[in-house]
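The values are calculated or read from the model by the stated rules, or taken from the named source; none is laboratory data. For clarity, every value in this text was computed on a predicted model and none was experimentally measured. Cβ: placed from backbone, ideal geometry, glycine included. Neighbour counts: every protein chain shown. Accessible surface is based on the protein model in full, side chains and every heavy atom, while ligands, DNA and RNA are left aside. Shrake-Rupley method; radii C 1.70, N 1.55, O 1.52, S 1.80 Å.
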Amino acid sequence: MKSCKRLMAMCGAAMLMTATLLLSSSVRENTGVASVQPDQPKNYSPYADRRYPTQVFWGDQHLHTSFSCDAGMIGDRLGPDQAFQFARGEQLRSSTGQLVRLDRPLDWLVVSDHAEYLGMAQAMKEALPALLETPKGKQWALAFKTGGKAAIEAFHEMVADMTNLKPSLSAAVQRKLMQPTWEGSIAAAERNNKPGRFTAFIGFEWTQHVQGNNLHRN
């Protein structure tokens, strides 16, 4: 008799435990809470010797516009303002007439037009007196107006000027032609700089090209 009572008590306890487990499981499913965990302390500082960046900003440090003699003389009609606007994600019409826009805007941009003969394309297009008053400047302007083979040959002459460090235009003439263009590049960067949203860097490229050794230094 005592054995029967003991067995019934054990069965009752087992059933109670089973019911408790089922109820607990039902609560977990209904509430979506798997289990109750003690609060974990939050990290209050990064671990030592971390060698990877945690905040990355994407940009381009080597971009030419129509202010560069090479880009401006082979069909680029867009200046620094348009370059910064394009980098910020605005839609523009390209030099070929197509509508273009970046899928992902940049965070910063350096317009690094060539320091050598900066703004020469604009000087020829606008027929600036400082250029046309020099024999070589007048010859180049006429060649580019003519186009075709004459323009290509004039362009190669200008590249040769940069290579042999013997410019056909004097330093005084170059200063007259380049100073307004450089000031325009600075003004464009100032206009398009948006603190906290987009950084427009003032920059240029100096190309060491002596004897064909070419290093682009921005």
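Residues of region 115-127 being open to solvent by less than 80 Å² (accessible area, probe 1.4 Å), within 16 Å of G75 (Cα to Cα) and either small (G, A, S) or not in a helix (DSSP H, G or I) (or both), which ones? Matches in region 115-127: L118, G119, A121, A123.
Is it the case that K145 is in a helix (DSSP H, G or I) and exposed (fewer than 11 other Cβ atoms within 10 Å of the Cβ)? For K145, the condition - in a helix (DSSP H, G or I) and exposed (fewer than 11 other Cβ atoms within 10 Å of the Cβ) - is not met. Quick check on region 178-194: of everything there that is of a type outside the set (S, T, N, Q) and open to solvent by 40 Å² or more (accessible area, probe 1.4 Å), which residue is nearest to the chain's Cα centre (by Cα)? Per the criteria, the residue is K194.
The selection criterion, being at pLDDT below 80, in contact with a helix residue (DSSP H, G or I) (Cβ under 7 Å, 6 or more places away or on another chain) and either open to solvent by less than 100 Å² (accessible area, probe 1.4 Å) or of a type in the set (S, T, N, Q) (or both), holds for A34. In this structure, T65 does not qualify as surrounded by fewer than 11 Cβ atoms within 10 Å (Cβ to Cβ) and in contact with a Pro (Cβ under 9 Å, 6 or more places away or on another chain). Residues considered: R175, R197, R217. Of these, the only one that is modelled with pLDDT of 90 or more, open to solvent by 60 Å² or more (accessible area, probe 1.4 Å) and over 24 Å from Q85 (Cβ atoms) is R175.
Annotation: of all residues in region 164-173 being part of a helix (DSSP H, G or I) and out of contact with any helix residue (DSSP H, G or I) (no Cβ under 7 Å at 6 or more places or on another chain), the one that is nearest to A115 (Cα to Cα) is A171. Return the pairs, sorted by first residue and then second, in which the second residue is loosely packed, with under 11 Cβ neighbours inside 10 Å and of a type outside the set (A, V, I, L, M), the first residue lies in region 203-218 and is in contact (Cβ under 8 Å) with a residue 24 or more places away in the chain, the beta carbons are less than 6 Å apart, and the residues are 6+ apart or on different chains. These pairs meet every condition: W206/R217. Out of all the residues in region 132-147, is one or more farther than 30 Å from A200 by Cβ and within 30 Å of the chain's Cα centre (by Cα)? Taking every residue of region 132-147 in turn, none turns out to be farther than 30 Å from A200 by Cβ and within 30 Å of the chain's Cα centre (by Cα). When each of R104, R77, R93, R88 is tested for being more than 19 Å from the chain's Cα centre (by Cα) and open to solvent by 10 Å² or more (accessible area, probe 1.4 Å), the lone residue that passes is R77. Filtering A130, A160 for residues that are part of a helix (DSSP H, G or I), open to solvent by less than 50 Å² (accessible area, probe 1.4 Å) and touching a helix residue (DSSP H, G or I) at 6+ places or on another chain (Cβ under 6 Å) leaves a single hit, A130.
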